[in-house]
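**Student:** Okay, here's the structure, questions in a sec.
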Amino acid sequence: MAVILIIEDEASIRRVLKKIIEDEDPSHKIIEAEDGAKGIKAANDRSVDLILCDIKMPIKDGMEVLQEIIKEGHEIPVIMISGHGDIQTAVECMKMGAYDYIEKPPDLNRLLNTIRNALSKNKLEVENKQLKKKVAKQYEMIGDSKPMQEVKDMIEKVAPTDARALIMGENGTGKELVAHWIHQKSYRSAKPMIEVNCAAIPSELIESELFGHIKGAFTSANKNRAGKFEAADQTTLFLDEVGDMSLSAQAKVLRALQEGKIQRVGSEKSISVNVRVIAATNKNLTKEIEKGNFREDLYHRLAVIVIRVPNLNERVEDIPQLADFFIKKIAQEYGSEPKQINGKAKKALQELNWTGNIRELRNVVERLIILGGSTITDKDVKQFSSK
């Protein structure tokens with residue numbers, strides 16, 4: 001069911017449009033407005049999924065209505081209804097942001113197809129926005145300490161560009177969150193970020209994972225397979241734990257970054273890709289270069305921008321906020337009411353040594369929720385935070 005607003009000064013045309021729409025789908029709710037001013041008020045007063053708007057009307061014409069709808073921030077598809085002499089104006093409306101225009105008298109099939117397509121597009125856009133909000137909440141960055149604010153400021157500067165970034169930090173500090181936020185704030189965010197954990201893939205398989213392979217390239221290659229670089233075309237590729245990548249794979253990644261082309265394992269054919277690479281590591285790559293474990297030329301390709309994520313001991317002022325966040329999050333996962341945690345308990349958490357960083361803090365909070373009292377106290381922290 002959709003709410004459709006018809007803005008048209010001729011009552012007979014409103015009746016025809018309403019009947020056509022209701023005959024097609026009786027579940028649609030039709031709202032009528034007899035002039036542009038009333039149409040704008042109707043759009044502002046309630047949630048509307050689609051607007052059919054005449055161009056020539058008293059008080060406010062269709063172009064003024066469209067301008068106002070856009071100005072108010074309503075993301076509603078608007079279909080303009082134009083007489084024969086209004087076609088040029090209708091085209092101008094399309095340039096302004098109208099979804100489409102229909103000539104009078106309306107062709108039944110064209111009208112219904114346009115309405116269906118507009119509603120479908122609007123539904124898809126709403127779902128995409130909801131998904132983005134869900135993803136953004138999933139990867140929310142908690143903390144207002146100076147070190148975290150510096151990371152957030154860096155993300156704001158780097159994200160809109162296509163610059164490669166190297167995220168450095170200890171295990172459990174949230175390097176993946178930083179990568180996700182860079183992607184979400186970039187122009188590539190319409191497509192999902194592609195992730196590869198270089199430490200989790202055996203060295204003999206990493207090249208196939210990154211670049212794909214052709215049938216027969218090795219014993220278990222039963223069919224052609226695209227790799228992560230191809231999957232990340234026009235979006236972001238996140239190479240997590242890049243310091244664990246084999247030297248042979250590093251050479252191919254370097255070539256891909258230099259030339260914008262990759263070759264599947266076993267193939268001589270080059271495939272062009274447009275990929276933004278973000279890498280992360282918990283290793284000191286400078287020392288890895290000295291040991292001969294990491295290519296210096298690849299390091300300089302990846303480290304256009306270096307973002308260092310602080311460990312939890314460097315941002316203890318964020319611990320009370322993080323504790324509250326995890327208490328609510330874990331309660332949602334358990335389907336229960338969140339427990340309270342008093343100020344002394346938060347201070348006790350701040351005094352601990354967090355070698356496992358954010359990941360360790362979450363585990364401790366979960367333990368306190370399960371084993372602690374109805375209100376988590378400093379005694380609970382002392383008793384149940386031990387490793």
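The values are calculated or read from the model by the stated rules, or taken from the named source; none is laboratory data. On a predicted model such as this, the values are computed, not experimentally measured, just so you know. As a convention, Cβ positions derive from the backbone with ideal geometry for all residues, glycine included, and neighbour counts pool all protein chains shown.
**Student:** Being more than 30 Å from Leu368 (Cβ to Cβ) and at pLDDT 95 or above is the requirement here; does Ala280 meet it?
**Tutor:** Considered against the rule, which asks whether it is more than 30 Å from Leu368 (Cβ to Cβ) and at pLDDT 95 or above, Ala280 comes out as no.
For every residue, the table says whether it meets (1) buried (at least 19 other Cβ atoms within 10 Å of the Cβ); (2) within 18 Å of Ala256 (Cα to Cα); (3) of a type in the set (S, T, N, Q); (4) more than 25 Å from the chain's Cα centre (by Cα).
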{"position": "Pro160", "(1), (2), (3), (4)": "no, no, no, no"}
{"position": "Gly169", "(1), (2), (3), (4)": "yes, no, no, no"}
{"position": "Pro192", "(1), (2), (3), (4)": "no, no, no, no"}
{"position": "Ile206", "(1), (2), (3), (4)": "yes, yes, no, yes"}
{"position": "Leu210", "(1), (2), (3), (4)": "yes, yes, no, no"}
{"position": "Gly216", "(1), (2), (3), (4)": "no, no, no, yes"}
{"position": "Thr236", "(1), (2), (3), (4)": "yes, yes, yes, no"}
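**Student:** Sticking with this one: Among the listed residues Leu302, Leu298, Leu361, which satisfies the condition of being at pLDDT 95 or above and closer than 14 Å to Gly172 by Cα?
**Tutor:** After applying the criteria, what remains is Leu361.
**Student:** Something else about it: Any residue in the stretch 34-51 that is crowded, with 16+ Cβ neighbours inside 10 Å sitting within a Cβ distance under 6 Å of a residue that is among the acidic types (Asp, Glu) and in a helix (DSSP H, G or I)? List the pairs, counting only those 6 or more apart or interchain.
**Tutor:** These pairs meet every condition: Gly36/Glu64; Ile40/Glu68.
**Student:** If you take the residues of the stretch 333-358 that are in contact with a strand residue (DSSP E or B) (Cβ under 9 Å, 6 or more places away or on another chain) and hydrophobic (A, V, I, L, M, F, W, C), which of them is nearest to Met168 (Cα to Cα)?
**Tutor:** Leu349
**Student:** How many residues, within the stretch 79-111, are under 35 Å from the mean Cα position of the chain (by Cα) and under 12 Å from Leu52 (Cβ atoms)?
**Tutor:** Selection size over the stretch 79-111: 8.
**Student:** If you go through the stretch 251-272 one residue at a time, how many are touching a Ser or Thr at 6+ places or on another chain (Cβ under 7 Å) and without any contact (Cβ under 8 Å) to a residue 12 or more places away in the chain?
**Tutor:** Counting residues in the stretch 251-272 that are touching a Ser or Thr at 6+ places or on another chain (Cβ under 7 Å) and without any contact (Cβ under 8 Å) to a residue 12 or more places away in the chain gives 0.
**Student:** Only one of (1) surrounded by fewer than 19 Cβ atoms within 10 Å (Cβ to Cβ); (2) among the acidic types (Asp, Glu); (3) part of a helix (DSSP H, G or I) fails for Asp318. Which number is that?
**Tutor:** Of everything listed in (1) surrounded by fewer than 19 Cβ atoms within 10 Å (Cβ to Cβ); (2) among the acidic types (Asp, Glu); (3) part of a helix (DSSP H, G or I), Asp318 misses just condition (1).
**Student:** Tell me the residue from Ala348, Ala323, Ala303 that is small (Gly, Ala, Ser) and in the same structural domain as Glu170 (by TED's automatic domain parsing), please.
**Tutor:** One residue alone meets the criteria, Ala303.
**Student:** Could I ask something else about it? From the list Lys287, Lys291, Lys328, which residue is surrounded by fewer than 18 Cβ atoms within 10 Å (Cβ to Cβ), more than 15 Å from Thr173 (Cα to Cα) and touching a Pro at 6+ places or on another chain (Cβ under 6 Å)?
**Tutor:** The unique qualifying residue is Lys328.
**Student:** Identify, from the list Ile167, Ile102, the residue that is modelled with pLDDT of 95 or more and either among the hydroxyl-bearing types (Ser, Thr, Tyr) or part of a strand (DSSP E or B) (or both).
**Tutor:** Answer to the check: Ile167.
**Student:** Which condition does Ala348 not pass, out of (1) more than 26 Å from Lys157 (Cβ to Cβ); (2) under 30 Å from the mean Cα position of the chain (by Cα), if it passes all the others?
**Tutor:** Tallying (1) more than 26 Å from Lys157 (Cβ to Cβ); (2) under 30 Å from the mean Cα position of the chain (by Cα), Ala348 fails exactly one: (2).
**Student:** Would you confirm, using the coordinates I've provided, whether Leu312 is surrounded by 18 or more Cβ atoms within 10 Å (Cβ to Cβ) and over 30 Å from Lys215 (Cβ atoms)?
**Tutor:** yes
**Student:** Every residue in the stretch 350-366 that is free of Cβ contacts under 8 Å to residues at least 40 places away in the same chain, outside any loop (DSSP other than H, G, I, E, B) and in contact with an Asp or Glu (Cβ under 9 Å, 6 or more places away or on another chain), please.
**Tutor:** Answer for the stretch 350-366, where residues must be free of Cβ contacts under 8 Å to residues at least 40 places away in the same chain, outside any loop (DSSP other than H, G, I, E, B) and in contact with an Asp or Glu (Cβ under 9 Å, 6 or more places away or on another chain): just Gln350.
**Student:** Only one of these is touching a residue at least 40 places away in the same chain (Cβ under 8 Å), of a type outside the set (Lys, Arg), in contact with a helix residue (DSSP H, G or I) (Cβ under 7 Å, 6 or more places away or on another chain) and in a helix (DSSP H, G or I): Ala280, Ala323, Ala345. Name it.
**Tutor:** Ala323
**Student:** Just the residues that are part of a loop (DSSP other than H, G, I, E, B) and either at positive phi or surrounded by 22 or more Cβ atoms within 10 Å (Cβ to Cβ) (or both), please, taken from the stretch 52-76.
**Tutor:** Ile55, Met57, Ile59, Gly73
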